[in-house]
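> Let me give you the structure first, and then I'll get to my questions.
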Amino acid sequence: MIDPYVMLGVERQADAEAIKAAYRKAAKSSHPDTGGDVAQFSRLQACYELLKDPVRRKVYDSTGYDPQLADPIDLKGILMLETLVSDFILDEREPGSFDPVAAMRRKLSDDIVKSRFHILELERHRARVRQHIDRLGRRPAADILGSMLRTRSQSIADAIRNAEIQIEAIEQAYTLLEGYAYELEALPEVKAAE
């Protein structure tokens, strides 16, 4: 996540005029017409747009998050956490009687294992399809079966890549949980029978 205050070089308490002045100064050196990097200038503009909008700025200041400045993998991780948060909010157990953060970590770890197993299965299927392609005699005029098998192999390769992207998002969600701890209620001590 890009910090718009750092990007523009202003304090968090900066007013609209200070933000505008900082943007203009930074834009002079980073504008593509003056030899600046297009991507860097685009990020600078996005930061300025966030800070000049009072509502977006307030949300960012409260949460440290703005969807337009977030990395796509971060967004996917956040969406995964959103689902997990919904799950533990709906859990009927009393707050403090279970650790929802640990439960989210376990769920994410389980999802990574399942995704990796799924990739292994897909790779096994793709290898089999390739072996069939290698053994298939081709007809000179049209190679319908070969075309179908190559298409299937490509579809499996795409599924593998999607599973790898899913793992990256799960790992990012897990990273976003770092530093969180959940305080459980102390269990009452059981007195020994006399």
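The values are calculated or read from the model by the stated rules, or taken from the named source; none is laboratory data. This one's a predicted model, so the numbers in the text were calculated from it and none came from an experiment. Positions of Cβ are generated from backbone atoms using ideal geometry, with glycine treated the same way; all protein chains shown enter the neighbour counts.
Conditions tested, residue by residue: (1) modelled with pLDDT of 90 or more; (2) under 24 Å from the mean Cα position of the chain (by Cα); (3) of a type outside the set (Asp, Glu).
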site: Leu90; (1), (2), (3): yes, yes, yes
site: Pro100; (1), (2), (3): yes, yes, yes
site: Met104; (1), (2), (3): yes, yes, yes
site: Ile119; (1), (2), (3): yes, yes, yes
site: Asp143; (1), (2), (3): no, no, no
site: Gly146; (1), (2), (3): no, no, yes
site: Ser153; (1), (2), (3): yes, no, yes
site: Asp158; (1), (2), (3): yes, yes, no
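> Where residues in the range 1-27 are in contact with a helix residue (DSSP H, G or I) (Cβ under 7 Å, 6 or more places away or on another chain) and over 14 Å from Leu51 (Cα atoms), which of them is modelled with the lowest pLDDT?
Met1
> Of everything in the range 22-44, what is exposed (fewer than 14 other Cβ atoms within 10 Å of the Cβ) and in a helix (DSSP H, G or I)? Give them in sequence order.
Hits for the range 22-44 are Arg24, Lys25, Lys28, Ser29, Pro32, Asp33, Thr34, Val38, Ala39, Ser42.
> Starting from the range 87-105, take each residue that is of a type in the set (Lys, Arg) and list its partners that are assigned to a helix (DSSP H, G or I), counting only C-beta distances under 7 angstrom and pairs at least six apart or across chains.
Arg105/Tyr174
> Of all residues in the range 1-21, which are part of a helix (DSSP H, G or I) and of a type in the set (Asp, Glu)?
Result: Glu17, single match.
> Determine whether the range 147-154 contains at least one residue that is touching a residue at least 40 places away in the same chain (Cβ under 8 Å) and surrounded by 12 or more Cβ atoms within 10 Å (Cβ to Cβ).
No - not one qualifying residue is present in the range 147-154.
> If only one of Leu75, Leu69, Leu108, Leu84 is surrounded by 12 or more Cβ atoms within 10 Å (Cβ to Cβ) and at pLDDT 95 or above, which one is it? Outline the logic, then answer.
Working: Leu75 fails: at pLDDT 95 or above; Leu69 fails: at pLDDT 95 or above; Leu84 fails: at pLDDT 95 or above.
Within the list Leu75, Leu69, Leu108, Leu84, the selection yields Leu108.
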